[in-house]
Amino acid sequence: MHRLEISDLITAVDPDTGHRLPVRRAEVIRQLRAQGDERAAGIVAGLAADGDGVLDPQAVDRLLISVHTELQRLSEELRIGERLVQLLRPVFAAIRATGQPGPYRLVDIGCGLGYLVRRLAATGALGTDVELVGVDLDAALVGRAEQLAREEALDCRFVHGNAFALPEAATVYVSTGVLHHFRGPALAEFFRAQAASPAQAFCHYDIAATRLAPIGAWIFHRARMRHPLGRHDGVVSAQRAHDDETLLRAADVPGMRPLLYEPRGAANPFCTTLRPVIGVRPHLEAPLRQALGRAARRLVGPEHLAGATG
């Protein structure tokens, strides 16, 4: 039985309208106790609620913004932005090489405070022909991301809503730390939605499912996260990480060629914290490998599942 992350339970939105729904503290505690997670239940019991037991939405927003601010520091330490650029540049180079005219659009799914999008905007790493858009179902996080972008005078934008329901199609979808939130059939549906869109590629970074991942997550989050919720969810995220085989099979949907970069069997478990699964339209695989150069040797497809998963 997979453990639950507190942050997934203390907010809820209507999937059609995006409107926030009330969350009862007792119900969250019940779900956590059903998983045998008394520590998490205790953390939720300490969160503010009104007389009817509904969690205070403003207090929850302040808490999640604080936790995501600390997560941004972790992303900076792990150089997530730089590592993504090392793959996104070749992806866009491959798209340009096929003659598809710009401008192009990168959409960050579950952008949180927009760290990746803001970093790409600040560095101009992908070129002036790439529009940068962050999307999240959490209105408070999106609002803070917009505020930070304005303060930093960055050319990017943030949208509260469903990344697959934007009026303007994405050219490339990206995410960091999102895949482990999708369980069972929902993971394949996530990839099918991208294949069904006009997008040419996706690149999703998530925690590598190694035996050392939960230990590393405990050390990092214990050292860097102040609130117990952040420490708890950081470790649970590592425990919920999908293995390489699960990711490749889920991403193997019609219309997309799935590729795993630096699979577990080919990487040092002491150095591997996150790794990406990439998807490209079949005609883009050859130009992508050419753009990657020698690094293309790190790519494996579903036909190499046994070697990819070790």
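Every number here is computed from the coordinates shown, using simple stated rules; none is lab data. Predicted model, so just to flag it, every value in this text is computed and none were measured. Cβ coordinates were reconstructed from backbone atoms using ideal geometry, including for glycine residues, and neighbour counts include every protein chain displayed.
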Mind jotting down the distance between the C-alpha centroids of the stretch 168-192 and the stretch 118-133, whole Å? 21 Å
Given a cut-off of under 8 Å on Cα pairs at least six residues apart, what relative contact order in percent is computed for the stretch 1-99? 20 percent
Assign unit charges at the C-beta atoms only (+1 for Lys and Arg, -1 for Asp and Glu), then state the dipole size of the chain relative to its Cα centre in Debye, rounded to the nearest 20. 920 debye
Of the candidates 154, 241, 188, the farthest towards the positive dipole end of the chain (Lys/Arg Cβ +1, Asp/Glu Cβ -1, centred on the Cα centre) is 241
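What size of dipole, in debye to the nearest 20, comes out for the stretch 6-55 about its Cα centre when the only charges are +1 on Lys and Arg C-beta atoms and -1 on Asp and Glu C-beta atoms?
Roughly 180 debye for the stretch 6-55.
Test of understanding: what is the full-extension gain from residue 303 to residue 122, defined as 0.36 nm times their sequence separation minus their Cα-Cα distance?
61.3 nm
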Please compute the contact order of the chain in relative form: average sequence separation of alpha-carbon pairs under 8 Å and at least six residues apart, divided by the residue count, as a percent. 16 percent
Output ordering of 30-37, 193-200 (per-residue mean of other Cβ within 10 Å, highest first) is 193-200, 30-37
Mean separation of Cα contacts under 8 Å (at least 6 apart) over the residue count of the stretch 6-55, i.e. the relative contact order in percent, is 35 percent
Calculate how steeply helix 80-97 sits against the longest principal axis of the alpha-carbon atoms of the chain, using the helix alpha-carbon long axis, and give the answer as 0 to 90 degrees to the nearest 10. 40 degrees
Listed peptides 59-72, 158-171, 225-238 by packing density, highest first (mean Cβ within 10 Å): 225-238, 59-72, 158-171
Neighbour counts of other C-beta atoms within 10 Å: give me 108, 14 arranged from fewest to most. 14, 108
Can you put 172, 54 in order of Cβ neighbours within 10 angstrom, beginning with the fewest? 54, 172
Could you calculate the contour length gain from residue 58 to residue 39, that is, 0.36 nm times the residue separation minus the distance between their Cα atoms, to one decimal place in nm? 4.5 nm
Could you tell me which of 19, 32, 232 has its Cα farthest along the dipole of the chain towards the positive end, charges placed at Cβ (Lys, Arg +1; Asp, Glu -1), taken about the Cα centre? 232
Based solely on its DSSP helices, what 222 nm [θ] is calculated for the chain when runs of n ≥ 4 H residues each add -39,500 (n - 2.57) and the sum is averaged over all residues, nearest 500 deg cm²/dmol? -13500 deg cm²/dmol
Using a cut-off of 14 Å between beta-carbons, work out the net charge of the residues near residue 85 (Lys and Arg +1, Asp and Glu -1, residue 85 not included). +2
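Please rank 16, 206, fewest neighbouring Cβ atoms within 10 Å first, as an exposure proxy. Let's see the in-between values first.
Details: 16 8, 206 22.
Fewest-to-most ranking of 16, 206: 16, 206.
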If you wrap a convex hull around the C-alpha atoms of the stretch 6-55 and split its volume per residue, what is the figure in Å³? 74 Å³
